[in-house]
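Here the structure is laid out as structure tokens; the discussion comes afterwards.
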Amino acid sequence: MQDDLIARAKAWLAEDPDADTREELARLIDAEDHAELAARFGGTLQFGTAGLRGELGAGPMRMNRSVVIRAAAGLAAYLRKNGHTDGLVVIGYDARHKSADFARDTAAVMTGAGLRAAVLPRPLPTPVLAFAVRHLGAVAGVEVTASHNPPRDNGYKVYLGDGSQIVPPADAEIAAEIAAVASLTTVPRPTEGWETLDDGVLDAYLARTDAVLAEDSPRTARTVYTAMHGVGKDVLLAAFARAGFPAPDLVTEQADPDPEFPTVAFPNPEEPGAMDLAFAKARETNPDLVIANDPDADRCAAAVRDGADWRMLRGDEVGALLAAHLVRRGASGTFAESIVSSSLLGRVAEKAGLPYEETLTGFKWIARVEGLRYGYEEALGYCVDPDGVRDKDGITAALLLTELASELKSEGRTLLDLLDDLAVEHGLHATDQLSVRVQDLSLIAAAMRRLREQPPTGLAGLRVTDAEDLTRGTDRLPPTDGLRYTLDGARVIVRPSGTEPKLKCYLEVVVPVAARDGLPAARATAAELLTALKRDLARAAGI
Ligand SMILES: O=P([O-])(O)O[C@H]1O[C@H](COP(=O)(O)O)[C@@H](O)[C@H](O)[C@H]1O
Ligand SMILES: [Mg+2]
């Protein structure tokens, strides 16, 4: 067994084109570090919520040049089998460690497979790549990014010609082609022959952002903006200037790309502390709104002044605000969200007489909803212009939210006032998340098992009226590893993250509100219920 492990590691090492990972692997082999080798050679990275994602390092369970070359070769084989023998593959990348190398390897493999490859001119937001796929008539797209993951991670998002990320069965078919790549020596990798795109594609993306805003809407809201050490700044500033918004005040320490993300523990606006510098700036400049992108700028977070200080809006709050704004503007088409997001969107759509759909987690699902006009997920993702970008887009979401803030400002109101309106109209929909990061992935499986073996019959004093195991799928949803509990006035979903070593529990309580003056009491009740739900759920899951 252990000899086999060493043999596999040596075979991998012999083909590894990257001096960094070669050195790392040679050290592990010399040290006969079986535990580390088993962790790296115990399987292969699989497509998750958003493509491949994992820690940088040597071996098939890590992100590295060998894994990327195999992934690209598998994708090329899949495209060729599906009749795209000389189609265009467009490739984007963020500013993480190795991202540019992985993009170049992908272009080389596509070129070697007889496809045409075009690489974006520099590190750019993921939505620019998603836009470029359809704009350029590509048969596929790849974005090298690990989004908001820690600095040591990287990843690989795969899009097909419809501009959306892959879903079953394409992901399994591509995975089978990847598994069939026996040796890197069978993968031709020319050193040239692909195109590096110029700024034309970015100009076209920016021109398209015009479609997001109403022609004569007010553009007065002042903002503070952080790019979270990622690639969003230049494109966001260009889009804001084009729209005629005041230039955002930048969180300068986080404005430019830095693969070490030095000022934050995790470059994710959802994580505690990530917004500290943005809040400090906001206390100085007192804007109408604080906006953050995640490092690949497909997420958009927002914060507002609430009483004496600033507070983050939850993804579900921003999701409802944007929906209400689009409804006020007379939008038509389907509103959609993932099942882990707030049920308030369904209420808003219903009231407006608009079709509404629920999907599994991830924009690979939301973006495919037929007739989609607006889609969002609680993880700070919003698709506000599906004809432009069939994925979440942190730039256009920021534009639309800033337009809404401007419009409310012109009425002497704020985003919080609009949230109050929604609560009075539809009941207070309060959400929270219990998210547990683990070192040892088996803890997540153990928690899921425990919940399956001993399903809770009540949580936070509320009765569980329905317990669904989503691995069986439902009449509307394909199978997924998740559990959903319906309670009297609450809903809980538990699932393993598909992008990070985390167990995520999504909580929602709905508290009726008779009139505006009942809001503070409703908020207090909701907060208590959410706290109790977290406590009882953690106990039931043993986490
Ligand atoms: O990382 P990003 O910004 O691309 O975001 C990715 O991960 C999020 C969290 O997924 P999970 O809960 O499985 O970790 C998903 O909601 C999103 O659709 C996906 O694109
Ligand atoms: Mg992202």
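Residues in segment 86-106 that are part of a loop (DSSP other than H, G, I, E, B) and modelled with pLDDT of 95 or more: Gly87, Asp94, Ala95, Arg96, His97, Lys98.
Each residue in segment 106-142 was checked for being more than 21 Å from Lys81 (Cα to Cα) and of a type outside the set (S, T, N, Q), and 15 of them qualify. When Ala467 is tested against the conditions (1) touching a Phe, Trp or Tyr at 6+ places or on another chain (Cβ under 7 Å); (2) closer than 20 Å to Ala526 by Cα; (3) not aromatic (Phe, Trp, Tyr), the lone failure is (2). Filtering Gly74, Gly59 for residues that are touching a helix residue (DSSP H, G or I) at 6+ places or on another chain (Cβ under 7 Å) and over 30 Å from Thr359 (Cβ atoms) leaves a single hit, Gly59.
Among the residues of segment 15-24, is there at least one that is in contact (Cβ under 8 Å) with a residue 24 or more places away in the chain, within 16 Å of ligand 1 (Cβ to nearest atom), buried (at least 19 other Cβ atoms within 10 Å of the Cβ) and not in a helix (DSSP H, G or I)? Within segment 15-24, none of the residues are in contact (Cβ under 8 Å) with a residue 24 or more places away in the chain, within 16 Å of ligand 1 (Cβ to nearest atom), buried (at least 19 other Cβ atoms within 10 Å of the Cβ) and not in a helix (DSSP H, G or I).
Scanning segment 134-156 for residues that are in contact with a Leu (Cβ under 8 Å, 6 or more places away or on another chain) and within 15 Å of ligand 1 (Cβ to nearest atom) gives Gly141, Val142, Glu143, Asp153, Asn154, Gly155, Tyr156. All conditions but one from (1) of a type in the set (D, E, K, R); (2) touching a strand residue (DSSP E or B) at 6+ places or on another chain (Cβ under 7 Å); (3) within 16 Å of ligand 2 (Cβ to nearest atom) apply to Asp294; the one that does not is (2).
For the residues Ala490, Ala446, Ala467, the requirement of being assigned by TED's automatic domain parsing to the domain that holds Thr431 and either within 16 Å of ligand 1 (Cβ to nearest atom) or in contact with a helix residue (DSSP H, G or I) (Cβ under 8 Å, 6 or more places away or on another chain) (or both) singles out Ala490.
Scoring Arg495 on the criteria (1) in a loop (DSSP other than H, G, I, E, B); (2) touching a residue at least 60 places away in the same chain (Cβ under 8 Å); (3) more than 25 Å from Leu422 (Cβ to Cβ) leaves a single failure, condition (1). Scanning for something under 22 Å from the mean Cα position of the chain (by Cα) and within 16 Å of ligand 1 (Cβ to nearest atom), does segment 349-357 turn up at least one residue? Yes; the residues of segment 349-357 include at least one that is under 22 Å from the mean Cα position of the chain (by Cα) and within 16 Å of ligand 1 (Cβ to nearest atom).
Flag: Ala182 matches the condition of being modelled with pLDDT under 95 and aliphatic (A, V, I, L, M).
If I filter segment 511-525 for residues that are free of Cβ contacts under 8 Å to residues at least 40 places away in the same chain and in contact with a strand residue (DSSP E or B) (Cβ under 7 Å, 6 or more places away or on another chain), do I get at least one hit? Scanning segment 511-525 turns up at least one residue that is free of Cβ contacts under 8 Å to residues at least 40 places away in the same chain and in contact with a strand residue (DSSP E or B) (Cβ under 7 Å, 6 or more places away or on another chain).
Of the strands (runs of 3 or more DSSP E) contained entirely in segment 243-360, those carrying at least 3 residues that are of a type outside the set (A, V, I, L, M) fall at 300-306, 309-312, 334-338, 356-359. Set side by side, the residues Glu500, Glu508, Glu453 differ, and just one is more than 16 Å from ligand 2 (Cβ to nearest atom), surrounded by 14 or more Cβ atoms within 10 Å (Cβ to Cβ) and acidic (Asp, Glu), which is Glu508. The condition (being outside the structural domain of His325 (by TED's automatic domain parsing) and either away from ligand 1 (no atom under 16 Å from the Cβ) or within 19 Å of Pro512 (Cβ to Cβ) (or both)) is satisfied by just one residue among Leu404, Leu400, Leu418: Leu418. No other residue among Ser332, Ser338, Ser342 is more than 18 Å from Gly232 (Cβ to Cβ), modelled with pLDDT of 95 or more, touching a His at 6+ places or on another chain (Cβ under 7 Å) and not aromatic (Phe, Trp, Tyr) apart from Ser342. One residue stands out in segment 335-394 among those that are touching a helix residue (DSSP H, G or I) at 6+ places or on another chain (Cβ under 6 Å) and among the basic types (Lys, Arg): the one that is farthest from ligand 2 (Cβ to nearest atom), namely Arg347. Taking strands (runs of 3 or more DSSP E) as the structural unit, those lying wholly within segment 107-182 and holding at least 1 residues that are among the charged types (D, E, K, R) and surrounded by fewer than 24 Cβ atoms within 10 Å (Cβ to Cβ) correspond to 116-119, 153-160.
Scanning segment 26-51 for residues that are within 16 Å of ligand 2 (Cβ to nearest atom) and either among the aliphatic types (A, V, I, L, M) or not in a loop (DSSP other than H, G, I, E, B) (or both) gives Gly48, Ala50, Gly51.
The values are calculated or read from the model by the stated rules, or taken from the named source; none is laboratory data. In this text, all values refer to a predicted model and were calculated from it rather than measured experimentally. Every residue, glycine among them, receives a Cβ derived from its backbone with ideal geometry; neighbour counts consider all protein chains shown.
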